[in-house]
1. Work out how much length residue 124 to residue 67 would gain on full extension: take 0.36 nm times their residue separation and subtract the Cα-Cα distance, in nm to one decimal.
2. For a label point 7 Å from the Cα of residue 10 along Cα→C-beta, name the residues of the range 59-77 whose backbone N is under 16 Å from it.
3. For a footprinting-style exposure proxy, rank 190, 67 by other Cβ within 10 Å, fewest first.
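Nothing in this text is a laboratory measurement; each read-out follows from the coordinates by a stated rule. Only a predicted model underlies this, so the values are computations on that prediction, with no experimental measurement involved. We place every Cβ from the backbone using ideal geometry, glycine too, and count neighbours over all the protein chains shown.
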Amino acid sequence: MCGGFTCSKNALIALNILYVMVGFLLIGVGVYARAASIVTNLPIVGGILACGVILILISILGLVGAVKHHQVMLFFYMIILFMLFLIQFSIASSCLAVNSEQQKEFAEEGWNNVPDSMRMQVQDTFTCCGFNSTHTGTSCEAVTKKCCPDYVDNCACPPCLPALEDKISYAFKLCGGLGIFFSFTEVLAVFLARRYRNQHDPHYPEARTIFPHNYQY
């Protein structure tokens, strides 16, 4: 069983390096989504960027604490990471529990909050008009020329909801599944940090007399 000081240290360092990579991946996904603007500029994109930055900062704290066996850093690392686990697990569970009607409501709210230029870009990408048969403040003149090249009377583009519905559902399931998976790895990191924090560093044998309780506070 991997329970020694060196093994715990290496495992904690490796896990935090993985978190740094995941953090950069989240930032990359958020930047790509903001640049591509494939669906809508929902606040989820900003949340992805924020989670990536926070995860990198926490991972750096854990890396420094693991390398130096710093008691205070490891303590705050465990507290912050456990709070992040609670938040991430709650959000991920909510994403998986959202039904199709609630997904439509969230998507429509995001659609109404984005600027007209963003809505027009989505309409041009998916050749649709409006979100759900309601063309609230959005011009469909440009996209109607695509739907009705022959200028047929009573011709109109379909709403965007049917084209976006599958992508919205997939996004909720993907975010929920990944959130659940990484939230449990955060519990593992907290357990490793606690175990490593309370272990005796064999490179400092004099610590046996200074800290007889193996650094336990």
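1. 15.3 nm
2. Zone members listed by number: 67.
3. Working: 190 19, 67 13.
By the 10 Å Cβ count, ascending: 67, 190.
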